[in-house]
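Trainee: Just passing along the structure, written as structure tokens.
The values are calculated or read from the model by the stated rules, or taken from the named source; none is laboratory data. The structure displayed is predicted, hence computed values, not measured ones. A quick note on method: Cβ atoms are made from the backbone with ideal geometry, for glycine too, and the neighbour counts reach across all protein chains shown.
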Amino acid sequence: MSGGGSEAGEELNLIPYLDIMVNLVIFLIFSFQIVVEMVRIELLSPAYGGAAGSSGGDENKMLTVVVTNEGYTLLSVDPSVRGQETVPLKGTKHDVDALHAKLVELKDMFHLGNAMILTAESGVPYKTIVETMDAARTDGAIDLFPDVLLARSGPAVSQ
Amino acid sequence: MIAPTTPATTFMVDNPYGAPRHKKRKRPTLILSADEITGLNLTAMMDMMTILLVFLVKSYAVDPERINVNEKLRPPVSTSTMEMKPAATVTVTADGIMVEDKLVVTLKELNVKDTDAAFLPKLQDALISRAELAKNIEARGGAKFDGAMLLVAHEDTPYNILTTVLYTAGQAQFSQFRLLLQKKNAK
């Protein structure tokens with residue numbers, strides 16, 4: 001008795017299935033792109049910039065870090081805090097380690113809050129801004145200046 | 001009586017104490033003529049293709065919150081550990097500014113002016129439309145619009161372009177700004 005149409009020794013025809021698989025694999029290989037894990041940095045909005053005092057320090061003593069093509073300049077709105085400090089370039093690069101050390105020193109000396117204003121010359125690349133934020137964020141497990149308010153300086157861009 | 005059969009092994013006459021020698025048997029070789037080959041065995045190839053396909057599909061179906069990095073959009077690396085939160089995305093590549101992957105302004109169109117009030121009208125229009133869409137979604141019971149914006153920018157983007165984009169977004173109902181960066185791998 002023959003149940004069904006297929007005979008016992010007959011194999012499945014895999015060629016159409018293989019065709020589909022080959023096409024799919026080629027399509028996926030060509031559309032494959034590198035993806036990397038992302039993190040975020042929250043910026044303080046200008047309206048909330050004055051709330052820096054809520055983080056424990058004195059809001060009048062907010063520090064301003066200016067990134068220029070010559071290095072870093074640290075300013076304070078409070079004259080009782082040292083007026084101006086500079087961290088020159090190390091070779092051709094910005095000296096983030098020296099900046100970090102200076103920020104730790106100023107934070108301890110003047111009991112500054114967690115917020116700081118960051119601004120830069122117009123041509124300074126984004127990469128340098130992020131390096132500065134990273135240097136200013138923490139000192140080991142202790143928060144340094146994790147809340148950053150970006151301020152504009154110099155010529156703006158327009159259409 | 002059954003006659004004893006001849007053993008398969010034979011002793012050499014010149015070395016009667018030596019080990020018996022077996023006669024060499026030729027291993028049969030499978031030589032098929034062209035007419036006898038009926039088809040290739042595709043099972044091994046099928047296995048390989050299935051593994052490749054599963055790997056590629058798994059890699060392709062990535063988290064939607066991830067950003068594809070390429071030569072024109074390589075965000076800087078950061079030591080921040082805050083995980084990404086989804087929001088309206090503005091992307092600044094080496095070519096132009098995009099809102100939700102739609103090109104709004106090319107960088108060639110931009111010029112530098114000595115004014116702090118400068119902003120980008122095309123970008124503002126696109127962001128207002130995006131904010132209105134988010135508010136409509138909220139009105140229909142969707143996610144709440146909190147005015148958050150993600151800024152993804154190429155590592156060489158000049159600072160004045162960044163601040164101009166942020167300023168323009170501030171004029172278009174966005175008030176919370178998040179910078180999206182590549183996670184620095186712990187070594």
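Trainee: Which ones in the range B:147-157 are touching a Lys or Arg at 6+ places or on another chain (Cβ under 8 Å) and surrounded by fewer than 20 Cβ atoms within 10 Å (Cβ to Cβ)?
Mentor: B:148, B:155, B:156 - these are the residues of the range B:147-157 that are touching a Lys or Arg at 6+ places or on another chain (Cβ under 8 Å) and surrounded by fewer than 20 Cβ atoms within 10 Å (Cβ to Cβ).
Trainee: Among the residues of the range A:63-73, is there at least one that is out of contact with any Phe, Trp or Tyr (no Cβ under 7 Å at 6 or more places or on another chain), within 28 Å of residue B:176 (Cα to Cα), at pLDDT below 75 and aromatic (Phe, Trp, Tyr)?
Mentor: Looking for residues that are out of contact with any Phe, Trp or Tyr (no Cβ under 7 Å at 6 or more places or on another chain), within 28 Å of residue B:176 (Cα to Cα), at pLDDT below 75 and aromatic (Phe, Trp, Tyr), one finds none in the range A:63-73, hence no.
Trainee: Residues to consider are A:34, A:41, A:20; find the one that is modelled with pLDDT of 70 or more, more than 26 Å from residue A:121 (Cβ to Cβ) and within 14 Å of chain B (Cβ to nearest Cβ).
Mentor: Numbers: A:34 fails: modelled with pLDDT of 70 or more; A:41 fails: more than 26 Å from residue A:121 (Cβ to Cβ).
Matching residue, one of A:34, A:41, A:20: A:20.
Trainee: Name the one entry in B:153, B:139 that is more than 8 Å from chain A (Cβ to nearest Cβ) and out of contact with any His (no Cβ under 9 Å at 6 or more places or on another chain).
Mentor: Answer to the selection: B:139.
Trainee: Turning to a different aspect of this structure: Within 12 Å of chain A (Cβ to nearest Cβ), more than 29 Å from the chain's Cα centre (by Cα) and surrounded by fewer than 13 Cβ atoms within 10 Å (Cβ to Cβ): which single residue out of B:144, B:122, B:108 fits that description?
Mentor: Among B:144, B:122, B:108, only B:108 is within 12 Å of chain A (Cβ to nearest Cβ), more than 29 Å from the chain's Cα centre (by Cα) and surrounded by fewer than 13 Cβ atoms within 10 Å (Cβ to Cβ).
Trainee: Any idea how many residues of the range A:89-131 are part of a strand (DSSP E or B) and surrounded by 12 or more Cβ atoms within 10 Å (Cβ to Cβ)?
Mentor: 8
Trainee: Return the residues of the range A:103-136 that are basic (Lys, Arg) and modelled with pLDDT under 90; say none if nothing qualifies.
Mentor: A:107
Trainee: Examine the range B:148-158 for a residue that is without any contact (Cβ under 8 Å) to a residue 40 or more places away in the chain and either under 30 Å from residue A:141 (Cβ atoms) or within 30 Å of the chain's Cα centre (by Cα) (or both), and state whether such a residue exists. Let's see the steps before the verdict.
Mentor: Step one: of the range B:148-158, the residues without any contact (Cβ under 8 Å) to a residue 40 or more places away in the chain are B:158.
In the following step, the residues that additionally are either under 30 Å from residue A:141 (Cβ atoms) or within 30 Å of the chain's Cα centre (by Cα) (or both) were identified as B:158.
For the range B:148-158, residues without any contact (Cβ under 8 Å) to a residue 40 or more places away in the chain and either under 30 Å from residue A:141 (Cβ atoms) or within 30 Å of the chain's Cα centre (by Cα) (or both): present.
Trainee: Same structure again: Report, by residue number, each residue of the range A:132-155 that is surrounded by fewer than 18 Cβ atoms within 10 Å (Cβ to Cβ) and assigned to a strand (DSSP E or B).
Mentor: Scanning the range A:132-155 gives A:138, A:139, A:142, A:143, A:151.
Trainee: Quick one: how many residues across the range B:121-178 are at positive phi, touching a strand residue (DSSP E or B) at 6+ places or on another chain (Cβ under 6 Å) and among the polar types (S, T, N, Q)? Quick ask: steps written out before the conclusion?
Mentor: Initial filter on the range B:121-178 (at positive phi): B:141, B:147, B:173.
In the following step, the residues that additionally are touching a strand residue (DSSP E or B) at 6+ places or on another chain (Cβ under 6 Å) were identified as B:147.
Now restrict to residues that are among the polar types (S, T, N, Q): none.
Residues in the range B:121-178 being at positive phi, touching a strand residue (DSSP E or B) at 6+ places or on another chain (Cβ under 6 Å) and among the polar types (S, T, N, Q): 0 in total.
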